[in-house]
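Q: Pasting a structure here, questions to come.
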Amino acid sequence: FWVVPAVEVKIEVVIPEKERSKEEMSPNGKASPLIYKVNGTARHYHLEEHPIASNPYHNPKDVVEASVCHVKDLENGQMREVDLGCGKALLIKESGEFHAVGHKCPHYGAPLVKGVLSKGRVRCPWHGACFNIGTGDIEDFPSLDSLPRFQVKIEKEKVYIRASKQALQTQRRTKMMAKCISLSNYNLSSTNVLIIGAGAAGLVCAETLRQEGFSDRIVMCTMDRHLPYDRPKLSKSMESHPEQIALRPKEFFCTYDIEVLTEMQVAAVDIKSKIAVFKDGFKMEYNKLLIATGNTPKALSCKGKEMENVFNIRTPEDANRVVRLAASKNVVIVGASFLGMEVAAYLAERAHSVSLVELEEVPFKKFFGERVGRAVMKMFENNRVKFYMQTEVSELREQEGKLKEVVLKSGKVLRADVCVVGVGAVPATGFLKQSGINIDSKGFIVVNKMMQTNIPGVFAAGDAVTFPLALRNNKKVNVPHWQMAHMHGRIAALNMLAHGTEISTIPYLWTAMFGKSIRYAGHGEGFDDVVIQGDLDELKFVAFYTKSDEVVAVASMNYDPIVSKVAEVLAAGRTIRKRDVDTVVFLSFRTGDMSWLTGKGS
């Protein structure tokens with residue numbers, strides 16, 4: 001980024017020299033094959049390379065330049081969405097300098113002008129992704145892509161932006177990555193990096209290795225039949241097809257030489273020989289290993305649990321089938337978990353009836369607290385969802401081989417054509433029990449701040465691990481959040497390359513129900529009080545979760561961007577006390593003043 005101390009501001013997309021050299025690097029004459037298994041059969045896709053132009057201004061017709069404001073129109077710490085005629089940019093002024101980047105979060109398209117600006121980065125108001133305002137680079141997830149960065153010039157006290165039309169239209173930038181030097185030199189049964197699991201953690205690990213210039217072989221393996229996809233959408237957008245929710249297209253994996261073995265299950269790991277043994281007997285030797293297997297949904301333990309039309313939603317096919325079968329039928333959902341509640345919300349207008357069975361008194365009680373849980377429960381009841389609380393399923397009854405009724409321990413019998421089970425999950429680590437890798441009593445892999453296990457060269461990430469959370473004084477915790485899995489994968493990759501990087505991110509999650517979202521940041525496990533601002537009945541509130549007078553988490557509905565603002569406070573290492581909650585809400589939400597972010601301590 002550069003600023004000319006004259007009097008007009010111009011913005012132009014530029015590629016730093018470091019990234020330009022990476023972009024121009026082409027170790028292979030042709031992209032190596034992606035191993036992609038369909039129905040157990042390996043198929044090889046050979047795709048021609050599509051070189052990316054190293055200079056976006058080689059074509060002058062692709063460039064637009066516009067005067068967007070006077071230099072005095074923005075104060076320090078302010079952001080403005082500006083229109084360049086063929087697209088928009090986000091203009092930012094911080095510490096007396098102007099910066100310009102894409103105006104939409106590449107994740108789901110949130111307007112970043114409504115986000116949070118703090119200490120050289122902007123945080124998305126919806127899901128917490130963070131971007132460096134000087135480079136556009138992503139600094140926290142869940143977005144995979146960075147923002148395009150534009151050049152700014154100041155001439156005659158006017159601010160100009162000069163930008164590529166293509167960058168303005170796409171509003172995203174994939175960081176430059178290395179490629180494998182020569183896959184033809186490798187034995188099929190040997191790889192430098194083996195990644196077990198192809199979720200967010202596994203994908204980000206592979207991408208980070210390539211971004212950092214790693215040019216050796218990378219193999220990902222997964223039990224799934226699909227390439228990595230946006231798993232949270234399975235319960236939020238149940239009719240989505242796999243290709244619609246793919247995190248990256250097949251061409252991406254070919255271009256950057258990331259091999260993916262689908263429908264392949266690892267049965268054991270020999271840490272002494274550094275060999276992974278697959279269920280079908282195939283063996284693969286590795287140098288570095290990442291275990292990112294996620295979790296396995298718990299099944300019901302009652303009679304009839306195996307019958308047709310009883311689902312754990314684990315794949316796009318599961319979600320699609322549930323929607324088809326539920327149309328104008330009776331649906332019973334067991335478990336008021338995030339998955340269960342999101343599925344109930346999605347099916348409420350499609351099914352004839354939706355009943356939800358839960359052991360607790362109110363939904364989300366342990367996570368959001370009783371008062372927030374009751375407010376959410378009321379919203380569901382207003383949308384025709386019937387709750388059966390403080391009870392369990394005792395039996396599933398069938399008629400002609402298909403589900404007909406769900407019998408509760410309370411004695412109530414519910415008509416049911418479809419049953420969705422969302423009663424929690426366990427870490428998918430059973431195959432590691434005899435490996436020597438440290439597993440805790442609940443089955444979670446124990447890692448340090450660098451995502452390293454007790455075995456040199458073996459890392460773990462995602463829902464299957466416990467790790468030291470800086471926010472909670474390095475207490476070992478399990479945080480099964482989509483955003484956190486991304487960060488785990490990145491930290492693991494950096495430390496495979498001996499960077500010595502420790503994880504320090506703030507957990508951030510969201511849930512979507514009936515067109516409304518609850519956003520959440522922090523780690524509220526064991527909270528002893530909830531301080532609520534706003535109106536729960538109107539579903540416009542912010543809830544602060546405290547433990548021993550300290551705010552450890554925050555949740556909100558219709559109160560953006562308060563959760564992202566609090567996340568930035570916590571990320572800065574500051575402590576929010578219970579007595580400060582009123583001040584926090586007033587300064588951050590009503591006045592927009594972010595000065596209280598600066599400094600350390602309470």
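The values are calculated or read from the model by the stated rules, or taken from the named source; none is laboratory data. From a predicted model like this one, the values you see are computed outputs, not experimental measurements. Cβ: placed from backbone, ideal geometry, glycine included. Neighbour counts: every protein chain shown. With ligands, DNA and RNA removed, areas are computed over all heavy atoms of the protein, side chains included. Shrake-Rupley method; radii C 1.70, N 1.55, O 1.52, S 1.80 Å.
Q: What does the net charge come to around Pro456 if you take all other residues with beta carbon closer than 12 Å to its beta carbon, with K and R at +1 and D and E at -1?
A: +3
Q: Might you tell me the accessible area per residue for the chain, computed with a 1.4 Å probe and given in Å²?
A: Values: 25290 Å² over 602 residues.
Averaged over the residues of the chain, the accessible area is 42 Å².
Q: From largest accessible area down, sort Ile576, Ile275; use a 1.4 Å probe on the protein chains.
A: Working: Ile576 5, Ile275 45 Å².
Correct descending sequence by accessible area is Ile275, Ile576.
Q: Taking the Cα centre of the chain as the origin, how large is its charge dipole in debye, to the nearest 20, when only Lys and Arg (+1) and Asp and Glu (-1) carry charge on their Cβ atoms? Spell out each step's value before the answer.
A: Values: 79 positive and 69 negative charges, 82 e Å.
Taking the Cα centre of the chain as origin, the dipole is about 400 debye.
Q: So, one more: What are the lysines whose alpha-carbon lies under 18 Å from the alpha-carbon of Lys433, with same-chain residues fewer than 8 places away excluded?
A: Excluding near neighbours in sequence, the set is Lys272, Lys274, Lys279, Lys442.
Q: Also: By the 4.7 Å beta carbon criterion, which cysteine residues of the chain come out unpaired?
A: Taking the Cβ cut-off of 4.7 Å, the unpaired cysteines of the chain are Cys69, Cys86, Cys130, Cys180, Cys205, Cys221, Cys254, Cys302, Cys419.
Q: By per-residue mean of other Cβ atoms within 10 Å, what is the highest-first order of 297-308, 443-454? All intermediate terms of the calculation are to be shown ahead of the outcome.
A: Numbers: 297-308: 14.2, 443-454: 20.4.
Most protected by this proxy first, the peptides run 443-454, 297-308.
Q: Right, another one. Using only the alpha carbon atoms of region 310-423, find the Kirkwood hydrodynamic radius as the inverse mean reciprocal pair distance, in angstroms to one decimal. Please list the in-between numbers first.
A: On the way: mean 1/r = 0.0713 Å⁻¹.
Computed over Cα pairs of region 310-423, the Kirkwood hydrodynamic radius comes out at 14.0 Å.
Q: Next question. Quick one: Karplus J couplings for region 116-133, per residue in order, coefficients 6.51, -1.76, 1.60, θ = phi - 60°, nearest Hz, x for Gly and Pro?
A: Per residue, the Karplus-derived 3J(HN,Hα) values read 10, 9, 7, 6, x, 8, 10, 10, 4, x, 8, 10, x, 4, 10, 9, 6, 6 Hz.
Q: Any chance you could look up the accessible area of Glu97 with a 1.4 Å probe, heavy atoms only, rounded to 10 Å²?
A: Around 90 Å² of this residue is reachable by solvent.
Q: Please report the accessible area of Phe514 (heavy atoms, 1.4 Å probe, ligands and nucleic acids excluded) in Å², nearest 10.
A: 60
Q: How much mean residue ellipticity at 222 nm does the chain get from its helices, if each DSSP H run of length 4 or more adds -39500 (n - 2.57) and you divide by all residues, to the nearest 500 deg cm²/dmol?
A: Working: 12 runs with 103 residues, N = 602.
It comes out at -4500 deg cm²/dmol, rounded to the nearest 500.
Q: 5 Å is the cut-off here: which amide hydrogens, built 1.01 Å from N in the peptide plane, fall below it relative to Thr466, excluding neighbours closer than 5 in sequence?
A: Result for Thr466 returns Ile445, Val446, Val447.
Q: Please report, ordered by residue number, every helix of the chain (full DSSP H runs) that is 20 Å or longer along its axis going by C-alpha atoms and whose mean Kyte-Doolittle hydropathy reaches -1.0. The partial results should precede the final answer.
A: On the way: long enough: 482-496 (22 Å, 0.01).
TM-like helix candidates: 482-496.
Q: Let me ask something else. So what are the ³J(HN,Hα) numbers for region 393-406, from phi and the Karplus equation (6.51, -1.76, 1.60; θ = phi - 60°), rounded to whole Hz, Gly and Pro as x?
A: Taking θ as phi minus 60°, the curve returns 7, 9, 6, 10, 9, 10, 9, 6, x, 10, 4, 10, 9, 10 Hz for region 393-406.
Q: Then there's this: Just add up the charged neighbours of Lys578: K/R +1, D/E -1, any other residue whose Cβ is under 14 Å from the Cβ of Lys578.
A: Details: positive: Lys547, Arg577, Arg579; negative: Asp528, Asp529, Asp549, Glu550, Asp580, Asp582.
Within the 14 Å Cβ shell, the charges total -3.
Q: Here is a follow-up. Keeping all protein chains in position, work out how much accessible area Lys233 exposes to a 1.4 Å probe, and write it in Å² to the nearest 10.
A: The accessible area comes out at roughly 60 Å².
Q: In square nanometres, what is the average projected area of the Cα convex hull of the chain? Present the calculation step by step, with values, prior to reporting the outcome.
A: On the way: hull surface 112.9 nm².
The number I arrive at for the chain is 28.2 nm².
Q: Of Arg210, Arg121, Arg162, which has the most accessible area with a 1.4 Å probe, and how do the rest follow in descending order? Write out the running numbers ahead of the final one.
A: Values: Arg210 0, Arg121 40, Arg162 75 Å².
So the residues, ranked largest to smallest area, are Arg162, Arg121, Arg210.
Q: Just by accessible area at a 1.4 angstrom probe, what is the order of Lys165, Lys329 from largest to smallest? Let's see the in-between values first.
A: Working: Lys165 70, Lys329 95 Å².
Result of the area sort, largest leading: Lys329, Lys165.
Q: Please report the relative contact order for the chain, taking Cα pairs under 8 Å with a sequence separation of at least 6, and give it as a percent rounded to a whole number. Numbers along the way, then the final one.
A: Numbers: 1443 pairs, mean separation 72.2, N = 602.
Relative CO of the chain lands at 12 percent.
Q: Given the convex hull over the Cα atoms of region 60-170, what projected area results after averaging over all orientations, in nm²? Kindly include the intermediate steps, with their values, before the conclusion.
A: Numbers: hull surface 25.3 nm².
Hull-based average projected area comes out at 6.3 nm².
Q: May I pose another question? Report, by chain and number, residues whose modeled amide H sits under 5 Å from the one on Lys475, excluding near sequence neighbours (fewer than 5 apart, same chain).
A: Those qualifying (amide H under 5 Å, at least 5 residues apart or on another chain) are Leu469.
Q: Can you bin every Cα-Cα distance in region 251-380 into 5 Å intervals starting at zero and give me the percent of pairs per bin, rounded to whole numbers?
A: 2, 8, 13, 14, 13, 12, 10, 10, 10, 6, 2, 0
Q: Taking the Cβ of Asp230 as the centre, find all other residues whose Cβ is under 11 Å away and add up their charges (Lys, Arg: +1; Asp, Glu: -1). Don't skip to the answer; put the middle values down first.
A: On the way: positive: Arg231, Lys233, Lys236, Arg248; negative: none.
Net of charged neighbours comes to +4.
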